[in-house]
Amino acid sequence: MARFSVVGLGLLTVCASASAYPHTPRLPAPTPVSVRVRPPVPTADQHPGKPALDADAVLSIDDLLKTPRTEQEQIIVQLIANTPDSEAEEKADYYFRLGALYAQLARYWREKGGDAKAKDYLLKTVKTYKALVDNDAFRTYPKLDIALFYYGYTLQGGKYLKEARAVYDKLLKNFPNSKYVPEAHLAFGEYYFETNQLADAEARYAMVLKFPKSSAYWYAMYKMGWIHLGLQRYQEALETFFQIVQATKADAKADKLNQAAKHDFVRAYAAIGKADKAGAAFKRVDVKDAFAMLTTLADLYVATGMLDKAAFVYGQLMIEQPESPKVCAWQAAIARASLTRADADKLREIASLVTLFGALAAAGTLPGPELQTCHDDAAALSGELARVVHLEANATKSPTTMATAEQLYAIYLAGFPEASDRAAMQYFHAETLWSVAEAEQTPRVRLERWETAADAFAAIAATDVPTRRDAALASVVAWKSALDLDPDLVKLAGPIDVIAATRTPAAKPIAIPAREGKLLTAFEAGISFIADADEVARTDVVGAIVLRRFHQLDTAIPLLADVVEQHGTSDSAELAGNLLLEALVSLKRYDAARELADRLHDRPGFVDGKASLARNVDYIRTHALRR
């Protein structure tokens, strides 16, 4: 039969100032913190990176873009050998065609990753063009300026920049009216840009911009935008990139340049624009790509450490495309960005992430890999972070940090009911509830905190887990702290009046409220785990005190009798004896009261040093005889 009887709901007004009872906390094991629970670390300056394009990607040099026909090499070589120098223009043309073929092959193998072959053909290109442009016999060849440009362009592609500039310089000096003059200036601009000589680069790009019909024009404009970025002239950069986008949006051949300009418009906007105006600004640039630009902006804000702005923009992305498979990744990014903010913001965003994962998992609309990533992010930012914060709070003794850990555990447990580590996380959560209760200073709130901690430990004790014993004991102790049920504070009004008891009816039992009922249930679960005899006695007396408050004396009597009979040397024995005598008299069991008083009186040394019990024993024996 159970030691305690339990039912109903109620509230006591007594509360404890802190735990007056011993408790050894169980803490998570220290583990390395994963990247999922770290705030983003800036990886770039305010205008990071390099241009997405180089000149090779946008210049239209048709002859060098053709698919090379290697079988032509021997034919052209033979033609050069068989053509006399007196046929200067014809022979020069053969050199030109061979040089172009070698340039095509050098480019082809460079793009294929065949470095050895690319270098071999590069050397053949250089040798061929050099034979053409350095021979005075060919100085009137009509395509000599083109040959010089191809020559320099091939050297530039092979990273022979110094040699390439010398060739371009010769082109500019000898053929100032060549259609390749802007490309030559562009080559110089590229060199100065790469070596961070921005003023010289700007001057060269400006020369290119004097030729609006050149294939290099809009690329030079693009690089001017990057010079504006490098010199922190962000408004000029915005205007430049905007102009490029508008000018190239209808040109399929300029698609790469158009996309790069949109991307770098975002880069300039990140430096001076307002996050809440970004969507409208990007729609003015290109309605179709505005959302992609907004995504780029959010990522760029993270890379540059502007986390509040990043969180705002990710939120806008979620509003605009709530069905996107990236929606959970965006919320995870918001949650990580919030890790540097106030605890309330952090907890709100992490809770939103966990809730979002639950909704997406239930809906089954997110693809498997994205759903797994969503799960891992949500679990880490609630559960793993809870353990990290728990250890930090324990080390710093910070009540605020401990309260944050408690809420993170609660979020995790609510969001992942089937987690493999649920039992351990429940226990750690209960531990944080205990610590929060200990630190609480407001009496009414403190009472509620202790009750919550007691409930948490009791829930664990009701399951078959390795920590059941520790949880049961902790629940008992937490309830004692919650109700301040210290047996030493319970005093009887005076000697037990047997005569008065005969004149009044016995009080009728009152249903035990649920709150006290939970305490008794916790005692029932924990009593078998208590090893210390004195603590067993104190627990039985505390339970009896609760039962006594609601006139449940029949249930209280066995508890008190057990203390008197089995733990007579404990500190609780005197109070147990008094309460037991009082209960028997209140129930009008006078014979049992007299019999108990006699036994206690006759037990050697039992009432010695127990003044109040001795008085009550004598009083009952005397008045029982008189009756």
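Against the conditions (1) touching a residue at least 12 places away in the same chain (Cβ under 8 Å); (2) open to solvent by 10 Å² or more (accessible area, probe 1.4 Å), Pro182 satisfies every one except (2). Residues that are in contact (Cβ under 8 Å) with a residue 40 or more places away in the chain, open to solvent by 30 Å² or more (accessible area, probe 1.4 Å) and over 30 Å from Ser435 (Cα atoms) within region 346-370 comprise Thr365, Pro367, Glu370, listed in sequence order. Restricting attention to region 136-149, and to residues there that are touching a residue at least 40 places away in the same chain (Cβ under 8 Å), assigned to a loop (DSSP other than H, G, I, E, B) and open to solvent by 30 Å² or more (accessible area, probe 1.4 Å), which single residue is farthest from Ala184 (Cα to Cα)? Per the criteria, the residue is Thr140. Is it true that Leu381 is buried (at least 19 other Cβ atoms within 10 Å of the Cβ), touching a Lys or Arg at 6+ places or on another chain (Cβ under 7 Å), among the hydrophobic types (A, V, I, L, M, F, W, C) and at pLDDT 95 or above? Spelling it out, Leu381 is indeed buried (at least 19 other Cβ atoms within 10 Å of the Cβ), touching a Lys or Arg at 6+ places or on another chain (Cβ under 7 Å), among the hydrophobic types (A, V, I, L, M, F, W, C) and at pLDDT 95 or above.
Residue count for region 546-575, restricted to those that are among the small types (Gly, Ala, Ser) and surrounded by fewer than 19 Cβ atoms within 10 Å (Cβ to Cβ): 2.
Whether a residue is of a type in the set (Gly, Ala, Ser), modelled with pLDDT of 95 or more, farther than 28 Å from Gly189 by Cα and open to solvent by less than 40 Å² (accessible area, probe 1.4 Å) was assessed, and Ala278 passes this test. Counting the residues of region 223-262 that are touching a residue at least 12 places away in the same chain (Cβ under 8 Å), aliphatic (A, V, I, L, M) and not in a helix (DSSP H, G or I) gives 1. Looking at region 89-103, is at least one residue within 51 Å of the chain's Cα centre (by Cα), more than 17 Å from Phe175 (Cα to Cα) and open to solvent by 50 Å² or more (accessible area, probe 1.4 Å)? Checking region 89-103: not a single residue is within 51 Å of the chain's Cα centre (by Cα), more than 17 Å from Phe175 (Cα to Cα) and open to solvent by 50 Å² or more (accessible area, probe 1.4 Å). If you take the residues of region 285-330 that are over 27 Å from Ala378 (Cβ atoms) and touching a residue at least 40 places away in the same chain (Cβ under 8 Å), which of them is most open to solvent (accessible area, probe 1.4 Å)? Only one residue tops the list, namely Asp286. Residues that are farther than 29 Å from Lys249 by Cα number at least 2 in the following helices (runs of 4 or more DSSP H) confined to region 277-372: 307-320, 327-337, 343-363.
Only residues that are assigned to a helix (DSSP H, G or I), open to solvent by less than 60 Å² (accessible area, probe 1.4 Å) and in contact with a Leu (Cβ under 7 Å, 6 or more places away or on another chain) were counted in region 206-218, giving 2. Does Ala333 fit the bill of being within 17 Å of Val37 (Cβ to Cβ), surrounded by 21 or more Cβ atoms within 10 Å (Cβ to Cβ) and in contact (Cβ under 8 Å) with a residue 24 or more places away in the chain? Taking the combined requirement at face value, the residue satisfies it. Criterion first (within 50 Å of the chain's Cα centre (by Cα) and either modelled with pLDDT of 90 or more or in a helix (DSSP H, G or I) (or both)) does Ala116 satisfy it? Judged against the criteria, Ala116 is a match. Per the listing Tyr234, Tyr180, the residue uniquely among the aromatic types (Phe, Trp, Tyr), in contact with a helix residue (DSSP H, G or I) (Cβ under 9 Å, 6 or more places away or on another chain) and within 26 Å of Tyr150 (Cβ to Cβ) is Tyr180. The residues in region 460-484 that are open to solvent by 50 Å² or more (accessible area, probe 1.4 Å) and modelled with pLDDT of 85 or more can be counted, and the count is 7. Of all residues in region 261-275 being among the aliphatic types (A, V, I, L, M) and open to solvent by 10 Å² or more (accessible area, probe 1.4 Å), which is farthest from Arg233 (Cα to Cα)? So, considering only residues that are among the aliphatic types (A, V, I, L, M) and open to solvent by 10 Å² or more (accessible area, probe 1.4 Å), the one farthest from Arg233 (Cα to Cα) is Ala275. Of the numbered criteria (1) within 26 Å of His375 (Cβ to Cβ); (2) surrounded by fewer than 16 Cβ atoms within 10 Å (Cβ to Cβ), the one Arg444 fails is (1). Applying the condition of being under 13 Å from Ala386 (Cβ atoms) and β-branched (Val, Ile, Thr) to region 24-38 and asking which residue is least open to solvent (accessible area, probe 1.4 Å) yields Val37. Please verify whether region 39-50 includes one or more residues that are at pLDDT 80 or above, aliphatic (A, V, I, L, M) and not in a helix (DSSP H, G or I). Within region 39-50, one or more residues are at pLDDT 80 or above, aliphatic (A, V, I, L, M) and not in a helix (DSSP H, G or I). Residues in region 412-428 that are part of a helix (DSSP H, G or I) and open to solvent by less than 30 Å² (accessible area, probe 1.4 Å): Tyr412, Leu413, Gly415, Met425, Tyr427, Phe428.
Taking the condition closer than 30 Å to Val33 by Cα and touching a residue at least 40 places away in the same chain (Cβ under 8 Å), does Gly279 pass? No; evaluated as a whole, the condition is false for this residue.
For every residue, the table says whether it meets (1) touching a residue at least 12 places away in the same chain (Cβ under 8 Å); (2) more than 30 Å from Thr452 (Cα to Cα); (3) touching a Phe, Trp or Tyr at 6+ places or on another chain (Cβ under 6 Å); (4) of a type in the set (A, V, I, L, M, F, W, C).
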site	(1), (2), (3), (4)
Ala514	yes, no, no, yes
Thr521	yes, no, no, no
Glu524	yes, no, yes, no
Val536	yes, no, no, yes
Ile557	yes, no, no, yes
Leu575	yes, no, no, yes
Ala592	no, yes, no, yes
Arg603	yes, yes, no, no
Asn616	yes, yes, no, no
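Here is a yes/no grid of residues against (1) within 19 Å of the chain's Cα centre (by Cα); (2) of a type outside the set (Val, Ile, Thr):
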| residue | (1), (2) |
| --- | --- |
| Val354 | yes, no |
| Ala359 | yes, yes |
| Gly364 | no, yes |
| Glu370 | yes, yes |
| Val388 | yes, no |
| Leu391 | yes, yes |
| Pro399 | no, yes |
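Table: residues versus (1) touching a strand residue (DSSP E or B) at 6+ places or on another chain (Cβ under 7 Å); (2) farther than 15 Å from Cys374 by Cβ; (3) of a type outside the set (A, V, I, L, M).
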residue: Ala280; (1), (2), (3): no, yes, no
residue: Arg284; (1), (2), (3): no, yes, yes
residue: Met293; (1), (2), (3): no, yes, no
residue: Ala303; (1), (2), (3): no, yes, no
residue: Lys309; (1), (2), (3): no, yes, yes
residue: Arg336; (1), (2), (3): no, no, yes
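The values are calculated or read from the model by the stated rules, or taken from the named source; none is laboratory data. Just so it is clear, the model here is predicted, and its values are computed rather than measured. Cβ coordinates were reconstructed from backbone atoms using ideal geometry, including for glycine residues, and neighbour counts include every protein chain displayed. Calculation scope for accessible area: heavy atoms of the full protein, side chains included, ligands and nucleic acids excluded. Shrake-Rupley method; radii C 1.70, N 1.55, O 1.52, S 1.80 Å.
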